[in-house]
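Input: a single structure, listed below in structure tokens.
The values are calculated or read from the model by the stated rules, or taken from the named source; none is laboratory data. Note that the coordinates shown come from a computational prediction; the quantities given were computed from them, not determined experimentally. Positions of Cβ are generated from backbone atoms using ideal geometry, with glycine treated the same way; all protein chains shown enter the neighbour counts. What goes into the accessible areas is simple: the full protein's heavy atoms, side chains included, and nothing from ligands, DNA or RNA. Shrake-Rupley method; radii C 1.70, N 1.55, O 1.52, S 1.80 Å.
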There are 4 protein chains.
Amino acid sequence: MPASFNTIGIIGRVKTSGVKETLNTLVDYLLHLKYNIIIEKETAESLHNLHLQTIDREHLGKNCDLLIVIGGDGSLLNAAHTVINDETPVLGINRGSLGFLTDISPSELEKIKDILAGKFILEKRFLLTSIIKSDHTVIGTDDALNEVALIPGAIPHMIEFEIYIDDTFMCSHASDGLIIATPTGSTAYALSGGGPILHPQLDAIVLVPMFPHSLNHRPIVIEGNREIRIIVSPYNTTLPRLSCDGREYINTVAGCHITIRKKIESLHLIHPLDYNYYETLRSKLHWGKKLHYTE
Amino acid sequence: MPASFNTIGIIGRVKTSGVKETLNTLVDYLLHLKYNIIIEKETAESLHNLHLQTIDREHLGKNCDLLIVIGGDGSLLNAAHTVINDETPVLGINRGSLGFLTDISPSELEKIKDILAGKFILEKRFLLTSIIKSDHTVIGTDDALNEVALIPGAIPHMIEFEIYIDDTFMCSHASDGLIIATPTGSTAYALSGGGPILHPQLDAIVLVPMFPHSLNHRPIVIEGNREIRIIVSPYNTTLPRLSCDGREYINTVAGCHITIRKKIESLHLIHPLDYNYYETLRSKLHWGKKLHYTE
Amino acid sequence: MPASFNTIGIIGRVKTSGVKETLNTLVDYLLHLKYNIIIEKETAESLHNLHLQTIDREHLGKNCDLLIVIGGDGSLLNAAHTVINDETPVLGINRGSLGFLTDISPSELEKIKDILAGKFILEKRFLLTSIIKSDHTVIGTDDALNEVALIPGAIPHMIEFEIYIDDTFMCSHASDGLIIATPTGSTAYALSGGGPILHPQLDAIVLVPMFPHSLNHRPIVIEGNREIRIIVSPYNTTLPRLSCDGREYINTVAGCHITIRKKIESLHLIHPLDYNYYETLRSKLHWGKKLHYTE
Amino acid sequence: MPASFNTIGIIGRVKTSGVKETLNTLVDYLLHLKYNIIIEKETAESLHNLHLQTIDREHLGKNCDLLIVIGGDGSLLNAAHTVINDETPVLGINRGSLGFLTDISPSELEKIKDILAGKFILEKRFLLTSIIKSDHTVIGTDDALNEVALIPGAIPHMIEFEIYIDDTFMCSHASDGLIIATPTGSTAYALSGGGPILHPQLDAIVLVPMFPHSLNHRPIVIEGNREIRIIVSPYNTTLPRLSCDGREYINTVAGCHITIRKKIESLHLIHPLDYNYYETLRSKLHWGKKLHYTE
């Protein structure tokens, strides 16, 4: 990765209020700073300046040194999937309030100048990759930055499956399903399901049972380089589905094996130098601020 | 550590039913195998064989190559504190049902022969060490294999304090207190408080809030080499206490700083070769066994 | 309801091991006691005695004074739906371990003699009835002994809806859904979702949020005679479904109103005189038994 | 209770910012409306008008028709204990943000005029009364508007006790303790401990286990007229304490019996006619507001 960037890709969820204005301000600012700009096609439709190079979403990663995403954590999550195989660095501009992944405010565009000049923190966030096999034939595969979730197809509370860690049997479950989350995903769906927060620098994966029959099941945190295998019972009355980051769904088949492990490529997330994870936590979860005695 | 052991120390909670019998059987077995044996003084009172060398609890660690503890997880926890500065390897014999730390059953004494012959797994479990300072003067210090807990002195639900991680402010709390647990302690008090299970090999610490005023507080897992600092508010109406492994208590003073970090010495826990952490989890928490389709 | 019963209906989940034996033993026993017996058609296929009157499941309630269900809580739940409009008393014989609804063991058939002689406890358990309306047109209705659940259609974690209690706005939700449970259902799906246990005699309904976005949402218990109305957002990306007792599903439409209230008819559950709800709780949830000091 | 009030008692936590101003404004307003006023002694020290009748806190209830409390929920809780045996109606003025019990804002003093003219909602909130007996001798008794809590004396996580409901054994516990809360208290300490919210009009009591050893223990809600008895094990290593509303503490003795039941007298809480419990819930717990589609 170059210390500074030459070609900047831009993508944004332009339907969201404010994003359009931020997009145009950003483009003008970058042009003024003489950077090459390349805009994702749909995003480009909202531009005042109609003379910029545009590109399909799927070719974005290969054609820029830095991808700037304007929007919320969901937009950055989607963009991350687009560029993950090229490991293009990604910078997120939020829509006015701190996101876990989008930590530059639209009112702080001058921070981008510093970042483009090489003053930034590069944080690698790992993804999970999942493969579903039935009788040794691959029937589906997908990646997740937040979480891989085994969820019921039609009737909740009816999935039976076994969990193995590095080929060692851990336990069987009768439940609504299982969330397997990265540290990045620990503040997303897994948190709603009662999972703990994992610091982003922790090399760990958390397994959060969904509505387990037995009250003794609890979230368990394992090392990040472990391989997780789920064997879906051939006797379930409904076929569960596998969902990565809540984007698309793969229907499983009875008795299939699902293998989940860390993906080789990681998300290269760019932060300004004053980035502070705990500040984001406090802001998003309304945690207690400094007490007066140390202020 | 030698591949095999010469002098074996033995300690047991002899008041517990069954421990006395196991103790005598073990001693006879080890004498038969021609090992040197040294018995903790109080434990020795329950012996049939009265000609063995005895020693005070506090000198046990320095004078044996291996310490065998007969009893439950609580007994092993106490023994671990005794030998921790010498890092003497510790082996636990339970009282008939699997413990998290005592994984040899009284009926499996032959496994000890293998272990003494060098066939074992050595697992290092880290401890936390805590120091309380007031105006830069140390007012207390203690170690914990399971957890360091800040708990209320008299009135629950009334402690205010701030948490810092490596000098970065994380958040303030108004709560009953905070449990800071190791992976070993994650299946003890922290689990009752709603914390996640941490795999013993995960290098991590979990912070579990106790009855927080705000419903937004959740357990958070951080890297094991982080330094945690708690600053107790000078304005609390009751003085909280610090408890390590629920053994003794240190009264804090208003405005004190509590620093918690990984201890340099670790517990050297000895397991038989067929040790399986997940089997213990399933046994202790009644987790689901293998389903018939993979048996 | 008559103090004693003349015609006894019998239904059982005969595919389950043990049920067939219990069924035949029960039939012989009742014939010996000279009662009229009427058997549900599918159940009858497993009978040795082929000369008994059989009947369709849906006509069972109208044609007997007492319905005996052999099986687990799920079997009794299904049977309850069959007879609810006739309020036929129902007695459950379990498959060897206590159920919440089936509290006579196959080895205690003599208890049935007492019950048939009028020595029993009659406990009324209320049901919920739900109606879905879109533009004032009813698009579905169903009853629940355990719970009415609003669940996602395809993508979890994406339903937005409002909750009203007796026409007063309570709150809006962004979540996976909502479980609305009776005391009977409080030990079923709602418990897995983190809901409290409601004593069966408590006239109350509990609302348990499923995986809420906000960590501040908690189960709330309201009076049993309240009317609950859910207004599903017209802007959800997936259409949620309504499930009563996890049996069948009704697809909702955007912007529909779902009204849930206590059903007029109740389940008339028959217990032996020594029935003890807390014993069932202890047995099913492995709660602590009497300590030695009061034994 | 008279439809309108003649003598108004006033009490406030005058050390809290803003309370002093509200106090003087309120007094002037009531004098202008020609009401008799009687001020609690400590509160009177903050008055500009020094010619008003003052009275000790303990005689307040008997000498006024209505008690107005200025402060937060804690102030009203304390005032409620003062007047409970006289069942004097109580009205709470908060310090600028909605409390669960203090629902008139300092800026809405005109609402008081309506209330004094008889336009109000009277809501009765029940209290719990607890008696500790050892060998049939009473060793302590106290009342609770929020909760009766059995808590550890020195070492948490070590109390063993049995719970009986109306003389029927429910279960034994090994835990940090037990919170027994009213609907009023369900949004206080019990909520931090994982208990459900009980609507104030629900006639029910919730038992919330504190850090139970077994993960199978859950909050249980029972009818409000049940009598709860706790038998503390004679073998606990620390003597637990009983705390009512977190105010004072009673030390228990080994083997004592604690009986908890609804108090005959109730708190008579006065609300303005536009009182809305769910609005308070939304405000205090940051629950979701109306969605745009029904606004």
Open item on the list: Could you compute the net charge surrounding C:S175? Neighbours are other residues with a C-beta less than 13 Å from the C-beta of C:S175; K and R count +1, D and E count -1.
Closed with: -2
- [ ] Highest first, please rank the peptides D:172-180, A:266-274 by the mean number of other Cβ atoms sitting within 10 Å of their residues.
- [x] D:172-180, A:266-274
Open item on the list: Need one word for the protein assembly as shown: rounded, prolate or oblate. Basis is the Cα gyration tensor (sqrt eigenvalues a ≥ b ≥ c); a/c below 1.5 gives rounded, then a/b vs b/c decides.
Closed with: rounded
TODO: Hand me the trypsin sites (Lys or Arg not before Pro) from the stretch A:82-140 located in a DSSP loop with no more than 15 other Cβ atoms within 10 Å, in residue order please.
DONE: A:K119
Task: Protein-protein interface of the stretch A:257-295, residues with accessible area decrease of at least 50 Å², isolated chain reference, 1.4 Å probe - done: A:Y278, A:W287, A:K290, A:L291, A:Y293
TODO: For every helix of n ≥ 4 consecutive DSSP H residues, a contribution of -39,500 (n - 2.57) applies; sum these over chain D, divide by its total residues, and give [θ] at 222 nm rounded to the nearest 500 deg cm²/dmol.
DONE: -4500 deg cm²/dmol
Task: Closest-to-axis residue of chain B (Cβ criterion, axis taking B to C), whole Å - done: B:L215, 3
- [ ] Quick one: pull the percent of accessible area on the protein assembly as shown belonging to carbon and sulfur, 1.4 Å probe, ligands and nucleic acids left out.
- [x] 47
Task: Copy-to-copy label separations for D:D203, where each label sits 7 Å from Cα toward Cβ, in nm and ascending - done: 0.7, 6.2, 6.2
- [ ] Lys and Arg at +1, Asp and Glu at -1: add these up for the other residues within a Cβ distance under 11 Å of D:P209 and post the number.
- [x] 0
Task: Amide H contacts of A:V90 (H built 1.01 Å from N, under 5 Å, at least 5 apart or other chain) - done: A:L67, A:H268, A:L269, A:I270
Open item on the list: With θ taken as phi - 60° and the coefficients 6.51, -1.76 and 1.60, list the Karplus ³J(HN,Hα) couplings across the stretch B:257-266 in order, rounded to whole Hz; mark glycine and proline as x.
Closed with: 10, 10, 10, 10, 8, 5, 6, 5, 7, 10
- [ ] For peptide C:145-157, compute the average count of partner chain beta-carbon atoms within 10 Å of each residue's beta-carbon.
- [x] 3
Open item on the list: Checking the cross-link filter: which lysines have an alpha carbon closer than 25 Å to that of C:K263, excluding same-chain neighbours under 8 positions apart?
Closed with: C:K62, C:K124, C:K133
- [ ] For A:K34, go through the lysines and keep the ones whose alpha-carbon is under 16 Å away, minus same-chain ones fewer than eight residues off.
- [x] A:K113
- [ ] Go through the stretch C:179-196 residue by residue and turn each phi into a ³J(HN,Hα) via Karplus (6.51, -1.76, 1.60, θ = phi - 60°); whole Hz please, and just put x for glycine and proline.
- [x] 9, 10, 10, 7, x, 4, x, 5, 9, 10, 4, 4, 5, 4, x, x, x, x
TODO: Under 13 Å from the Cβ of A:E160, count the other residues' Cβ atoms, weight Lys and Arg +1, Asp and Glu -1, and hand me the total.
DONE: 0
Open item on the list: Using only Cα atoms and rounding to the nearest 10 degrees, what angle (0 to 90) does helix B:19-32 make with the longest principal axis of chain B?
Closed with: 50
- [ ] Give me the lysines in straight-line cross-link reach of B:K284: C-alpha distance below 19 Å, same-chain residues under 8 apart excluded.
- [x] C:K284, C:K289
Task: Centroid-to-centroid separation of the stretch C:86-100 and the stretch D:166-196 [C-alpha atoms, Å] - done: 30
Task: Coil-residue GluC sites (Glu not before Pro) of the stretch B:100-184, DSSP, other Cβ within 10 Å capped at 15 - done: none
TODO: Anything losing 50 Å² or more of accessible area from the isolated chain to the full protein assembly: pick those residues out of the stretch C:166-180, probe 1.4 Å, ligands and DNA/RNA ignored.
DONE: C:F169, C:M170, C:S172
Open item on the list: Can you give me the C-alpha center-to-center distance between the stretch A:37-63 and the stretch D:121-137, rounded to a whole angstrom?
Closed with: 70
- [ ] Classify the stretch D:8-83 as rounded, prolate or oblate from the Cα gyration tensor: take a ≥ b ≥ c as the square roots of its eigenvalues, call it rounded if a/c is under 1.5, otherwise prolate when a/b beats b/c and oblate if not.
- [x] oblate
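If you keep only loop residues by DSSP, which GluC sites (Glu not before Pro) in the stretch B:2-84 have at most 14 other Cβ atoms within 10 Å of their Cβ?
Those that pass, being in a loop and sparsely packed, are B:E45.
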Task: Selected from A:F161, A:F169, A:F120 as most flexible by GNM, with chain A as the system and alpha-carbon contacts under 10 Å - done: A:F169
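Given an 8 Å cut-off on Cα distances and at least 6 residues of separation, report the relative contact order of the stretch B:1-91 as a percent.
36
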Open item on the list: Tell me whether the stretch B:175-233 comes out rounded, prolate or oblate; compute the Cα gyration tensor, take square roots of the eigenvalues as a ≥ b ≥ c, and use a/c under 1.5 as the rounded threshold.
Closed with: oblate
- [ ] Only Cα pairs under 8 Å and at least 6 apart count here; give the relative contact order of chain C as a rounded whole percent.
- [x] 18
Task: Residue-by-residue Karplus 3J(HN,Hα) for the stretch C:150-157, coefficients 6.51, -1.76, 1.60, Hz, glycine and proline x - done: 8, 10, x, x, 10, 9, x, 6
TODO: Using the heavy atoms of the protein chains and a 1.4 angstrom probe, tell me the accessible area per residue for the stretch A:127-264 in square angstrom.
DONE: 30
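Kindly state, as a whole number, the per residue volume in cubic angstrom of the convex hull around the alpha carbon atoms of chain D. Spell out each step's value before the answer.
Details: hull volume 44.6 nm³, N = 295.
Taking the convex hull of the Cα positions in chain D, it is 151 Å³ per residue.
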Open item on the list: Let's test this: bin the Cα-Cα distances of the stretch B:178-295 at 10 Å from zero up to the farthest pair and state each bin's percent.
Closed with: 11, 34, 33, 14, 6, 2, 0
Open item on the list: Buried accessible area between C and D (1.4 Å probe, both chains summed, ligands and nucleic acids excluded), in Å² to the nearest 100?
Closed with: 4100
- [ ] Quick one: which residues, 5+ away or cross-chain, put their amide H under 5 Å from the amide H of B:L127? H built at 1.01 Å from N.
- [x] B:K263, B:L267
- [ ] Just tell me how shielded C:204-217 is by partners: mean number of partner chain Cβ atoms within 10 Å of each residue's Cβ, no decimals.
- [x] 6
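Given Cα pairs under 8 Å that are at least 6 residues apart, what percent is the relative contact order of the stretch D:127-264?
Worked out over the stretch D:127-264, it gives 32 percent.
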Task: Label 7 Å beyond Cα on the Cβ vector: A:N49 copy-to-copy distances, nm - done: 6.9, 8.8, 9.1
